[in-house]
Structure formats: C-alpha cells, structure tokens
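The values are calculated or read from the model by the stated rules, or taken from the named source; none is laboratory data. These numbers were taken from a predicted model, which means no experiment stands behind them. Note that each Cβ is placed from the backbone with ideal geometry, even for glycine, and that neighbours are counted across all protein chains shown.
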Amino acid sequence: MYSLVFGDHIPPISIAAEKAALERWAKIAKPLGGLGLLEDAVTQIAGITGNAKYTIEKRALLILCSDNGVVSQGVTQTGSDITATLVKNAVSGSLTVSKMAKVASCDVMAVDMGINKKLPLDALINCRIADGTFDISQGSAMTRDQALQAIDYGIGLAKMAGEKGNKILCTGEVGIGNTTTSSAIAAVLLGKEVEAVTGRGAGLSSDGLNRKIAAIKQALKINCPDRDDVIDILSKLGGFDIAGLCGVFIGAAINRIPVLLDGFISCVAALCAIKLCPEARQVMLASHVSAEPAGAMVLEALGRKPLINAAMRVGEGTGAVAALPLLDMAFAVYGEMQTFEEVSIESYKPLK
C-alpha cells in the first residue's frame, strides 16, 4: 500500500514538444498569441505528454464522493443525507455536471471515498475508506493512515483512467460540508485568517456562515495542524474526497495525463498535491476561478490562470467540464487551420 514516492516517478516536461507547439502556433494564419491562455493550454499539454500532435478526444471526469462529520455543527444548508442523493444522481446521469458532461462528450466516473451510507450501485467505483470522516471541530477528521490510503486510491484512479484511454482528466467532488474542510485547509496552507477564506458554500445564511467560521476556528485550535506536514493537515482537517483528489493530481503527473482543476475544493486538493510533490503542478490546468472567497487566492498559490471567470460555485467538476469545449476549439485551430505560408500571407512578427 501507498505508492507514495512522489517526485521519483514523475517524468519531466518535454521542452522539445513545447517548442514544437509554439512553432506551430507561430505559423498559423492568425494574430500571434491571439487565443491567449488557450494557446498556452495547448502548448502545456504538448509538454506534459511529450507530443506536439496530441489530441484530447477521449476524456473523463472523476467525481470523488464522501461525507464530512463537521456537518453536525450546522455548517451547511442541508444534511449529510443529501450526499447519497447526489451520488445516485451522478451515477444515473442526473447531476448538474452530468448534463454538462454529455455536451462536452466527457465520461463521468463517480467514486465512493467514504459516503455515510454504502450505496449498492454497480457503476459507483469503490474506494471506500470509512463511513465519512470525524467532526474536525472535535478532533482529527481521519487517521494519518486513512489520509495516505485516500491519496493512494487517488493515484490509482488516475492510472486507471489513463489505462482506459482518457487523454485528459477533469476533477470533481460531491460531499456535503466539504467547503468547510477546504476552507480549514486553505487557512493553514495560505496562512490566512479563517474569515478571509470561508464563504457561504451552497447558500448559507449569515448565522450559518458564523457557525462555519466558528467550527473551523475550533478545528484549528483543537487539532494544531502542522503547516509543514500536508499529511498532518489532511488527516486533521480534510475529507476523503480532498485527500483522494490530491492523489489524482499526483497520479496524473506520474502517468503524464493533463488534468483540469475545478473550483475551490479541487484547487485546495491540488495545493496539497504540490506541497507533497512540486512536480505535480506541471500537469495542472485551471478551468475557472470559483466564487468562493479563497478561490482566486488558491489559484494564485498554484500559479495558474483560469480559462473561465463566470462566478461558478456548483462544484461536482462543472468548471472543469465547462473548459473542455474551449480546449476543443483551441485544438481545432491548432490542428486544422492553415499557415501563413499556405494562404500566401506574410507572417506576423513578434513585437520587440
């Protein structure tokens, strides 16, 4: 157990493939850099995969699902029972992201990381660790071994998705209470006050927001997480979904698969991943900036610029999936458009 020799198994970015992609972009008959971050994304994907002619026609969304004990503190608008309902909808194709994924030709893979109620659903991938986590305001969310196990499962999920032929991965999550756990982790990793990184999640009232902030402060006080030990932070403050997503990012890097970050929760997991394994950053692409207060803060810490700024905050992987059609359009231009030479136009020259 624990395939966690992090950076040792991660291949470096291909500078040659990046250079070839940049040369291709420079030849296409359009303004230099005209597609902005979309050009950067295609070039980054070339570097990740070592292939300047790479395509992303097969893709999958990994939705990691788990429950969080801190819900008992009144930090959410709904109870934990809703997690199971959302998971059923994910499997049946009725979730918000399911409809978006259909448009984006993206397979949806739902994973049970630790839902309170075990669901007898054949299509639900079983990476179940426990019946949800413990209440972080009363003690550690999970044991250190459980955090490591969740990361290991995530690494395996990325490998499995790659073996199924997926060329790019999207990351998502389902779990009532996980903006609370994410805000707690963000407060530690970013060194910010709890109030600065904590939002209303799925529509909390002002009283609910105050309870959420109080629960996080109590969690930090009682658990005393070690800022220099990400496993300690994850085990004391996190959720099985966040720890699993952390592993997905590391697994994607090991297997040279581009992976789209989703919103706040996904990005917090990504931040944990690069604290464990800085090389994992190279495969990450930012889809959007979450409307949560710390959404932009976490992206800045990750060193990533979002393709979309639409004030989205659904979670589930909706932002990551929404970015796929944009990338498809960029790849269409990159792969199919004529060059300056082919249309007999003098090429644009970079400004000096």
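A count restricted to region 281-301 and to residues that are in a helix (DSSP H, G or I) and closer than 19 Å to Gly239 by Cβ stands at 2.
Given the criterion among the basic types (Lys, Arg), surrounded by fewer than 24 Cβ atoms within 10 Å (Cβ to Cβ), modelled with pLDDT of 95 or more and part of a helix (DSSP H, G or I), identify the matching residue among Lys236, Lys217. Lay out the reasoning, then the answer.
Working: Lys236 fails: surrounded by fewer than 24 Cβ atoms within 10 Å (Cβ to Cβ).
Being among the basic types (Lys, Arg), surrounded by fewer than 24 Cβ atoms within 10 Å (Cβ to Cβ), modelled with pLDDT of 95 or more and part of a helix (DSSP H, G or I) holds for just one of Lys236, Lys217, which is Lys217.
Considering region 92-107, and only residues there that are touching a strand residue (DSSP E or B) at 6+ places or on another chain (Cβ under 8 Å) and over 21 Å from Pro120 (Cα atoms), the residue that is surrounded by the fewest Cβ atoms within 10 Å (Cβ to Cβ) turns out to be Ser105. Restricting attention to region 313-323, does a residue exist that is surrounded by fewer than 16 Cβ atoms within 10 Å (Cβ to Cβ), on the phi > 0 side of the Ramachandran plot and assigned to a loop (DSSP other than H, G, I, E, B)? Looking through region 313-323, none of the residues is surrounded by fewer than 16 Cβ atoms within 10 Å (Cβ to Cβ), on the phi > 0 side of the Ramachandran plot and assigned to a loop (DSSP other than H, G, I, E, B). Residue count for region 64-84, restricted to those that are closer than 17 Å to Lys118 by Cβ and surrounded by 15 or more Cβ atoms within 10 Å (Cβ to Cβ): 10. When Ile231, Ile257 are checked against the criterion of being in a helix (DSSP H, G or I), at negative phi and at pLDDT 95 or above, Ile231 stands alone in meeting it.
The C-beta contact set for region 297-318 (first residue more than 21 Å from Val42 (Cα to Cα) and modelled with pLDDT under 95, second residue aliphatic (A, V, I, L, M) and not in a loop (DSSP other than H, G, I, E, B), distance under 7 angstrom, 6+ apart or interchain) comprises Gly315/Ile265; Glu316/Ile63; Glu316/Val97; Glu316/Val174.
Touching a helix residue (DSSP H, G or I) at 6+ places or on another chain (Cβ under 6 Å), within 14 Å of Asp67 (Cβ to Cβ) and part of a helix (DSSP H, G or I): does that describe Ala150? Give the derivation first.
Details: touching a helix residue (DSSP H, G or I) at 6+ places or on another chain (Cβ under 6 Å): yes; within 14 Å of Asp67 (Cβ to Cβ): yes; part of a helix (DSSP H, G or I): yes.
It is true that Ala150 is touching a helix residue (DSSP H, G or I) at 6+ places or on another chain (Cβ under 6 Å), within 14 Å of Asp67 (Cβ to Cβ) and part of a helix (DSSP H, G or I).
Are any residues in region 165-180 over 15 Å from the mean Cα position of the chain (by Cα) and closer than 19 Å to Met113 by Cβ, and if so, which ones?
Going through region 165-180, the residues over 15 Å from the mean Cα position of the chain (by Cα) turn out to be 165-167, 176-177, 180.
Correct list: Ile176, Gly177, Thr180.
Being of a type in the set (S, T, N, Q) and farther than 13 Å from Val70 by Cβ is the filter; apply it to region 191-214 and report the residue that is surrounded by the fewest Cβ atoms within 10 Å (Cβ to Cβ). Taking the candidates together, the pick is Ser206.
Scanning region 333-351 for residues that are within 13 Å of Leu32 (Cα to Cα) and loosely packed, with under 11 Cβ neighbours inside 10 Å, we see that the one that is modelled with the lowest pLDDT is Leu351. Among the residues of region 310-319, is any of a type in the set (Val, Ile, Thr) and under 25 Å from Ala52 (Cα atoms)? Among the residues of region 310-319, not one is of a type in the set (Val, Ile, Thr) and under 25 Å from Ala52 (Cα atoms), which makes the answer no. The lone criterion from (1) surrounded by 21 or more Cβ atoms within 10 Å (Cβ to Cβ); (2) within 21 Å of Ser183 (Cα to Cα) left unmet by Gly251 is number (2).
On the basis of being farther than 15 Å from Val71 by Cα and among the hydroxyl-bearing types (Ser, Thr, Tyr), does Ser183 make the cut? Against the criterion (farther than 15 Å from Val71 by Cα and among the hydroxyl-bearing types (Ser, Thr, Tyr)), Ser183 does not qualify. As a summary of the residue check, Leu119 satisfies the conditions (1) assigned to a loop (DSSP other than H, G, I, E, B); (2) in contact (Cβ under 8 Å) with a residue 40 or more places away in the chain except for the one numbered (2).
The single condition among (1) closer than 25 Å to Thr180 by Cβ; (2) of a type in the set (D, E, K, R); (3) in a helix (DSSP H, G or I) that Asp131 does not meet is (3). For region 324-342, a residue qualifies if it is assigned to a helix (DSSP H, G or I) and in contact (Cβ under 8 Å) with a residue 60 or more places away in the chain, and the qualifying residues are Leu324, Pro325, Leu326, Leu327, Asp328, Met329, Ala330, Phe331, Val333, Tyr334, Gly335.
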